[in-house]
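Visitor: Have a look at this one before I ask anything.
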Amino acid sequence: MAMQQPKDCLEAILGINAPWFIKDVLFEEKNRHLVISLGYAQEKARFSFLGKNAEVEARLPKAGGPYHWHHSGIAYYSCQIVSEFAESANANQGIDRRVLTQPGFIGETNRRYTHQLRQQVGLAQLRGLSTAAIAQTLRVDAQIVEEILADIDRTADQYRLAACLPTEQDPIWERVLLDRFHLKTQSFSLKLLLSKLKLSVHEKGGEERIPEAVGELRKFFIAQANALESEFGQLCVLSQGRKPVAEDRPAAGNRLVLPALKNSIWLKLITGKIDLRSANVSLNLLLVRLRHAFQQTKDINTRLSVLNSLREFFKKNARSLKPELVLINKLMNAPEETKYTLPGEQHEVWRRILKDENFIPSSHMAYKLFLSNLRSQVKMNPDPVVELDAARKLRQFIAHNQRSLQQELRMVLRNSYAG
């Protein structure tokens, strides 16, 4: 059953403003799914002999849809935005500057998600959340999260951090301009810009200039994101360090050790085999950059240099990275676990797990959520290619989490051998 709902409230929630507007809203209560159809009021010249500037015309959204974009969930509903209009497709594989300045509630013609969803996924990754946790929090499919992370990974270094910057709808920008949030900065250029913008919005009638001021401030951050890491961390609430709990503190008499460069722990950190779940924004940003640099080269000396950069960062910031060093020391001293070889993704055991909920029961919450999502994908699209892709993802999940999925691992191996 679908029913009409007031549109002005949703426009306010999503930050939709002229010339965009909501044409239609459908609530699919059975599936807890919300579909929002957007319209775009094309500006017409006052006189027929007056045409638009060619450059302005090229920037306007073009009709040609409908285009369907996944958006972050609203309340307990998943959300999809549909529009006949969209910005032209990005010719690059990653995210570029033009894309970063578009409204957050729309997407591109060649992508399946809105810009705001991309920003929220990228920021969640910086905060250390797993793909499954991000998908559950934002009420989107894990496959969409993976697509977004892949696009961010293909983005040029100068824009990778900017891809996670809050969208223009985020109230943090207005709070900065109205001095309701004190942004600490050592950047002289940013200080000058903030002084000018704050003066303009505090003048008489300044409230009407807030959207324009927000846009100018955000464009400055996009252009200078890599030079404003501390400011970025403040805007995104990434600068609050995690307080070590009692079990993270080293026992009396135990001294923390910084592993040597040849220790495999650095390689595991760079390749993502170990996740420190750190709340330190500088470390998370550095890892994103170093992983990209590590993957882009096969040269041994260059890769060693990347690993050494990570080790030197820990050496210089040992005091603020104490929780992370505690965990690194625990991992160093832990006995190496036996790694089992799982059956290939085409093995019948994976199909049985995806088809039969009672085949291999589990009490592991993250595994159950991940498996539930895969089963939904297969059920909605019973295609052999989709099923094989789901089997591959399931196999990878168990392979990467052997330590916490010992019971499930043994059952998979026993049933695969029996088959």
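Visitor: Show me 300-308, 346-354, 202-210 ranked by packing, highest mean number of other Cβ atoms within 10 Å first.
Guide: 346-354, 300-308, 202-210
Visitor: Rounded to the nearest 0.05, what FRET efficiency do ALA399 and ARG209 give with R0 = 51 Å and r taken as the Cβ-Cβ distance? Could you check?
Guide: The value I calculate is 0.40.
Visitor: Pull out the extension gain between THR341 and SER200, defined as 0.36 nm times the separation in residues minus the alpha carbon to alpha carbon distance; nm, one decimal.
Guide: Residue separation times 0.36 nm, minus the Cα-Cα distance, leaves 44.4 nm.
Visitor: Could I ask something else about it? Which FRET efficiency value, to the nearest 0.05, is calculated for LEU26 and LEU178 with the Förster distance at 35 angstrom and r the Cβ-Cβ distance?
Guide: Step by step, r from the Cβ atoms, then E = 0.45.
Visitor: So if we plug the beta-carbon distance of ASN358 and LEU331 into 1/(1 + (r/R0)^6) with R0 = 60 Å, what FRET efficiency do we get, rounded to 0.05?
Guide: Efficiency for this residue pair is about 0.95.
Visitor: Compute the length gained on full extension between THR109 and THR185: take 0.36 nm times their separation in residues and subtract their Cα-Cα distance, giving the result in nm to one decimal.
Guide: Full-extension gain reported as 23.6 nm.
Visitor: Multiply the residue separation of VAL386 and LEU192 by 0.36 nm, subtract the distance between their alpha-carbon atoms, and state the gained length in nm to one decimal.
Guide: Full extension from VAL386 to LEU192 adds 64.5 nm.
Visitor: A further question on this structure: Please report the net charge: other residues with Cβ closer than 14 Å to the Cβ of LYS315, K and R +1, D and E -1.
Guide: Neighbourhood net charge equals +2.
Visitor: Report the local net charge at ALA227: Lys and Arg +1, Asp and Glu -1, summed over other residues whose C-beta lies under 14 Å from its C-beta.
Guide: 0
Each reported figure results from applying straightforward, stated rules to the coordinates on display, with no laboratory input. All figures in this text were calculated on a predicted structure; none of them were measured in a lab. Neighbour counts are summed over all protein chains in view; Cβ atoms, including those assigned to glycine, are modelled from backbone coordinates with ideal geometry.
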